[in-house]
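Asks: Once you've had a glance at the structure underneath, I'll fire off some questions.
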Amino acid sequence: MEYELNDTTACGLGDKSAMTGRFANNYFDGLPVRGIHAGLFFIIMAAYFFEQFDNWNFGFIAPALSQSWGLKPTDIATIMFWYFIGMTSGGFLGGVISDFIGRRKTFLVAIVIFSVSSVITGFTDNFAIFTLFRALTGFGVFCMMVTSQAYIAEMAPCETRGMWQGRVAAVGFCAVPFVALACRMIIPMAEEAWRYIFYAGGLGIIPFLLGLKYLKESPRWLVTHGRIKEAEEVINYLTGKNIDLSEAAKTVQPKISVMEVLTGMFTKKYIGRTLLLIFLFVTTVPAGFLVANWTPQLLKMLGFSVKETLTAMTIISIGVPLGCFLNSLVADKGGRKMPLAILAVCAAVTAFLFGGMKTLTMLTIAGFIVTVFNMALSFLLFSYTAESYPTRMRNTATGFHNGLARLSVSGSQFFIPMIHASYGFAGIFTSVAILFFLPVIPLLLWGKRTGGKSLEEIE
């Protein structure tokens, strides 16, 4: 696969030294993505696939697990609560760790954590151990997620950064309809056949082994740590271009303290975008996870059988990769913030309509549409966040926002059975619609345009 750009000056420096034969360039900006450089993104796609396999499988397994172990809705809420606590920790710690030890190492360790934890979850018969390793799965899943968002942003040309993030997600999230279909076929076979789904999550070791051999450290991260020659070697290895980063390195702030990395997003320069992003995350992310994780259980509570619920969710889940693909089509338009606002409105409207549906067919159609808009919105927000901060604290900030969002998801879990008991299915999805819509006006008023600009220009 090859993406040729018009010239080597786009979004970057682009001057060629006749004396040295080296290009002065802003990392990958203006360069074609092909060969081993494209292969790097394909490895990330594979990692995404198994990460999302482990992330989404519980939503499909929950009805069968409830039936097999005699669990109540509050037990399911407990498992989800600790899962999101794990994700919160993975977001906070993964972001900080990757800013200090590197994107590559953190990415690979995270894969091992969620793959091994998934297998152990499948073997246990103890509710407490199940919950513990489900939480560790969440830690690994989200540690990899926040690290990969910064990694993709730093490894792609500015002209196609949003496209690559969308396409990586679209391919990786094909795991969702895959796991839905697998659950639909396997779970009805026996009372505890759901265990095989967790065992399959251990196959994440495949992209780990590929990444161990072929993934390279982010040149931007290397430059921030004074390793300019190594950064140039990575770009040369991936693109075949002899790049001179000396000019680009001059814009990098000297090494700063741990405390400055942790608190930098709250300084005068960044506090405005930080507060806006916090609001976006703590509203839209809980709404999206409610749709993704509670819909199977809520459909079962409406009176549909486990088999009917799994059939509906298999169809709905096709909207996940399609939503990521939609993101890849619109991500580089409107400076990022306009498609974000439009997608949030579309998600709000369809979620409200979803709550009013009665038949399984109409519920399936509406659930599919809201899933498409939710996933496009979610991954566009990931891109927007990674672009909003400088390299020295990019992943710490990305992890902070995503971790805070997962903490809000965790805290919301015990309210869902209460809302359902008082207002029913319609009340749940009216709440979802409100959450999607709340940040739209602040985003339009105060959001920063980031699409089509180099990361250094945005800073």
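Asks: Could you please find all residues in segment 12-39 being crowded, with 23+ Cβ neighbours inside 10 Å and at pLDDT below 55?
Replies: The answer is G12, and nothing else.
Asks: Filter segment 293-311 for residues that are of a type in the set (A, V, I, L, M) and either touching an Asp or Glu at 6+ places or on another chain (Cβ under 8 Å) or closer than 15 Å to F429 by Cβ (or both) and give the result.
Replies: First, the residues of segment 293-311 that are of a type in the set (A, V, I, L, M): 298-299, 301-302, 306, 310.
Once the filter is applied, which keeps residues that are of a type in the set (A, V, I, L, M) and either touching an Asp or Glu at 6+ places or on another chain (Cβ under 8 Å) or closer than 15 Å to F429 by Cβ (or both), segment 293-311 yields L298, L299, M301, L302.
Asks: Also, I was wondering about something else. Tally time: how many residues in segment 155-199 are more than 17 Å from F379 (Cα to Cα) and hydroxyl-bearing (S, T, Y)?
Replies: Number satisfying all stated conditions: 2.
Asks: Which condition number in (1) in a helix (DSSP H, G or I); (2) modelled with pLDDT under 90; (3) over 30 Å from K105 (Cβ atoms); (4) not aliphatic (A, V, I, L, M) is the one that G303 fails?
Replies: Of everything listed in (1) in a helix (DSSP H, G or I); (2) modelled with pLDDT under 90; (3) over 30 Å from K105 (Cβ atoms); (4) not aliphatic (A, V, I, L, M), G303 misses just condition (1).
Asks: Next question, about the same structure. Just checking, which of G162, G166, G204 is closer than 16 Å to F58 by Cβ and touching a Ser or Thr at 6+ places or on another chain (Cβ under 8 Å)?
Replies: The unique qualifying residue is G204.
Asks: Now, a different point. Within segment 388-426, which residues are open to solvent by 10 Å² or more (accessible area, probe 1.4 Å) and aliphatic (A, V, I, L, M)?
Replies: L404, L407, M418, I419, A421, A426 - these are the residues of segment 388-426 that are open to solvent by 10 Å² or more (accessible area, probe 1.4 Å) and aliphatic (A, V, I, L, M).
Asks: A follow-up question, please. Just give me the residues in segment 240-259 being modelled with pLDDT under 75 and part of a helix (DSSP H, G or I), in sequence order.
Replies: A248, A249, V258, M259
Asks: Give the number of residues within segment 142-152 that are of a type outside the set (G, A, S), under 9 Å from the mean Cα position of the chain (by Cα) and either farther than 15 Å from T391 by Cβ or surrounded by fewer than 24 Cβ atoms within 10 Å (Cβ to Cβ) (or both).
Replies: Matching residues across segment 142-152 total 3.
Asks: Taking T385, is it over 30 Å from T311 (Cβ atoms), β-branched (V, I, T), buried (at least 21 other Cβ atoms within 10 Å of the Cβ) and touching a Ser or Thr at 6+ places or on another chain (Cβ under 6 Å)?
Replies: Judged against the criteria, T385 is a match.
Asks: Still on this structure: From the list F60, F42, pick out the single residue that is crowded, with 21+ Cβ neighbours inside 10 Å and part of a helix (DSSP H, G or I).
Replies: Residue meeting the stated conditions: F60.
Asks: While we're on this one: What are the residues in segment 370-390 that are under 20 Å from G272 (Cβ atoms) and of a type outside the set (F, W, Y), if any? Before you say what the answer is, go through the steps one by one.
Replies: Narrowing segment 370-390 to residues under 20 Å from G272 (Cβ atoms): 380-390.
Hits for segment 370-390 are L380, L381, S383, T385, A386, E387, S388, P390.
Asks: Applying the selection to segment 71-93, what residues are closer than 21 Å to N402 by Cβ and small (G, A, S)?
Replies: Correct list: G86, S89, G90, G91.
Asks: For segment 295-317, how many residues meet the condition of being polar (S, T, N, Q) and open to solvent by 10 Å² or more (accessible area, probe 1.4 Å)?
Replies: The number of residues fulfilling the criteria is 4.
Asks: Moving on. Has segment 77-85 got any residue that is within 14 Å of F289 (Cβ to Cβ), open to solvent by less than 30 Å² (accessible area, probe 1.4 Å) and touching a Leu at 6+ places or on another chain (Cβ under 8 Å)?
Replies: Yes, segment 77-85 contains at least one residue that is within 14 Å of F289 (Cβ to Cβ), open to solvent by less than 30 Å² (accessible area, probe 1.4 Å) and touching a Leu at 6+ places or on another chain (Cβ under 8 Å).
Asks: Which condition from (1) aliphatic (A, V, I, L, M); (2) surrounded by 22 or more Cβ atoms within 10 Å (Cβ to Cβ); (3) farther than 29 Å from V96 by Cβ is the one that A231 breaks?
Replies: In the conditions (1) aliphatic (A, V, I, L, M); (2) surrounded by 22 or more Cβ atoms within 10 Å (Cβ to Cβ); (3) farther than 29 Å from V96 by Cβ, A231 misses (3) alone.
Asks: So W194 passes all but one of these: (1) more than 20 Å from the chain's Cα centre (by Cα); (2) surrounded by fewer than 20 Cβ atoms within 10 Å (Cβ to Cβ); (3) not acidic (D, E). Which condition number does it fail?
Replies: Failing condition for W194: (2).
Asks: Next up: Out of all the residues in segment 165-188, is one or more without any contact (Cβ under 8 Å) to a residue 60 or more places away in the chain and open to solvent by 70 Å² or more (accessible area, probe 1.4 Å)?
Replies: Looking through segment 165-188, at least one residue is without any contact (Cβ under 8 Å) to a residue 60 or more places away in the chain and open to solvent by 70 Å² or more (accessible area, probe 1.4 Å).
Asks: Inspect segment 276-294 for any residue being at pLDDT below 85 and of a type outside the set (A, V, I, L, M, F, W, C) and give the result as yes or no.
Replies: Yes, segment 276-294 contains at least one residue that is at pLDDT below 85 and of a type outside the set (A, V, I, L, M, F, W, C).
Asks: Further question: Any residue in segment 266-285 that is surrounded by 15 or more Cβ atoms within 10 Å (Cβ to Cβ) and not in a helix (DSSP H, G or I)?
Replies: Yes: segment 266-285 contains one or more residues that are surrounded by 15 or more Cβ atoms within 10 Å (Cβ to Cβ) and not in a helix (DSSP H, G or I).
The values are calculated or read from the model by the stated rules, or taken from the named source; none is laboratory data. All of these numbers come straight from a predicted model, not from anything done at the bench. Please note: Cβ atoms are built from the backbone with ideal geometry, for glycine as well, and neighbour counts cover all protein chains shown. Side chains included, ligands, DNA and RNA excluded: accessible areas come from the protein's heavy atoms. Shrake-Rupley method; radii C 1.70, N 1.55, O 1.52, S 1.80 Å.
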